[in-house]
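The values are calculated or read from the model by the stated rules, or taken from the named source; none is laboratory data. Quantities reported herein were computed from a predicted structural model and do not represent experimental measurements. Neighbour counts run over all protein chains shown; Cβ positions are idealised from the backbone, glycine included.
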Amino acid sequence: MITLKILIIIPAYNEEKNIKQVVDNLIHNYPQYDYVIINDCSSDNTKKILEKNNYNHIDLPVNLGIGGGVQTGYKYALEKGYDIAIQMDGDGQHDPKFFSDIIDSIINGEADIVIGSRFIEKDGFQSTKIRRIGINFLSNLIKIVCGKRVKDVTSGYRAVNRKFIEIYAKEYAQDYPEPEAIVNAAMHNARILEYPVIMSERLGGESSISHFKSVYYMIKVSLAIILYRITFNKRRI
């Protein structure tokens, strides 16, 4: 029987209120998975907590944003020879009880990427109304530009196989990257599936995307998706 190496990538920025509970849950209840925390130059006590508890982590010397943090995790996964990488947030929104379900289709060779989706069975925290409108818009835009329908395009709860560990280690959007990562995957002919999960509101702290930033987010990501699609073939030459 072949044992696959599976890594949990946890990007963290100013998660002093959440990170210990998140990681202790993994260590005590899901020891079959390895993990790495990417501390994105937090300005609070996140680094001290990671060091005090001897958690496996990487401290970035400057703040790279969520995309840079996640890409660092993929670079680590590639260097260490992992077969599957699972992204989960450090704020407690993502329940690890879904790990085995999310990776099952990858293990069986049915999918390259599996996204944990709030919007299939619509249980648990569904985000705010304005964000759901924006998510639906981006979902339709991605369907138009690359032919893939993904409902929960901003979900940071996802798993990828070895092929996309390699791809994302080399190229990953730096600012609000989740929708762009889907377009990237689609352009590389990924088999993308969604699996219904239940998400919670963050345990503590504040989201990096305020209501004001939501408008900026929509404009920036929409333009980035269109530009990525237009320039993809040129960048491969």
- Task: Can you tell me which residue among ASN14, ASN45, ASN63 is over 20 Å from the mean Cα position of the chain (by Cα) and of a type outside the set (Lys, Arg)?
- Result: ASN45
- Task: Could you list all residues from segment 196-237 that are surrounded by fewer than 18 Cβ atoms within 10 Å (Cβ to Cβ), closer than 21 Å to SER117 by Cβ and either charged (D, E, K, R) or at pLDDT 85 or above (or both)?
- Result: PRO196, ILE198, GLU201, ARG202, SER222
- Query: Looking at segment 169-179, which of its residues are touching a helix residue (DSSP H, G or I) at 6+ places or on another chain (Cβ under 7 Å) and either surrounded by fewer than 23 Cβ atoms within 10 Å (Cβ to Cβ) or over 18 Å from THR231 (Cβ atoms) (or both)?
  - Reply: ALA169, GLU171, TYR172, GLN174, ASP175, TYR176
- Message: Report every pair of residues separated by at least 6 positions or lying on different chains whose Cβ atoms are under 7 Å apart, first residue within segment 34-58 and among the basic types (Lys, Arg), second crowded, with 22+ Cβ neighbours inside 10 Å and not in a loop (DSSP other than H, G, I, E, B).
- Response: LYS47/ASN39
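Please work out if VAL145 is surrounded by 15 or more Cβ atoms within 10 Å (Cβ to Cβ), in contact (Cβ under 8 Å) with a residue 12 or more places away in the chain, among the hydrophobic types (A, V, I, L, M, F, W, C) and in contact with an Asp or Glu (Cβ under 9 Å, 6 or more places away or on another chain).
Details: surrounded by 15 or more Cβ atoms within 10 Å (Cβ to Cβ): yes; in contact (Cβ under 8 Å) with a residue 12 or more places away in the chain: yes; among the hydrophobic types (A, V, I, L, M, F, W, C): yes; in contact with an Asp or Glu (Cβ under 9 Å, 6 or more places away or on another chain): no.
Criteria not met by VAL145.
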- Item | Checklist (1) at pLDDT 80 or above; (2) under 14 Å from the mean Cα position of the chain (by Cα) applied to LEU193, failing item | (2)
- Message: Here is a check on your reading of the model: is ASN25 surrounded by fewer than 24 Cβ atoms within 10 Å (Cβ to Cβ) and without any contact (Cβ under 8 Å) to a residue 60 or more places away in the chain?
- Response: no
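Outside any helix (DSSP H, G or I) and either without any contact (Cβ under 8 Å) to a residue 60 or more places away in the chain or among the basic types (Lys, Arg) (or both) - does that describe any residue in segment 5-22?
Of all residues in segment 5-22, those outside any helix (DSSP H, G or I) come to 5-18.
Those still in the list that are either without any contact (Cβ under 8 Å) to a residue 60 or more places away in the chain or among the basic types (Lys, Arg) (or both) too: 5, 17.
The answer is yes; a qualifying residue exists.
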- Apart from one, (1) closer than 29 Å to LYS17 by Cβ; (2) loosely packed, with under 15 Cβ neighbours inside 10 Å; (3) at pLDDT 95 or above; (4) not aromatic (Phe, Trp, Tyr) all hold for GLU121; the odd one out is (3)
- Checking CYS146 against (1) modelled with pLDDT under 95; (2) touching a Phe, Trp or Tyr at 6+ places or on another chain (Cβ under 7 Å), which single condition isn't satisfied? (2)
- Message: Conditions first: (1) farther than 17 Å from GLU194 by Cα; (2) out of contact with any helix residue (DSSP H, G or I) (no Cβ under 9 Å at 6 or more places or on another chain). ASP101 passes all but one, so which condition is the exception?
- Response: (1)
- For segment 3-22, which residues satisfy the criterion of being among the aliphatic types (A, V, I, L, M) and under 24 Å from ILE107 (Cα atoms)? LEU4, ILE6, LEU7, ILE8, ILE9, ILE10
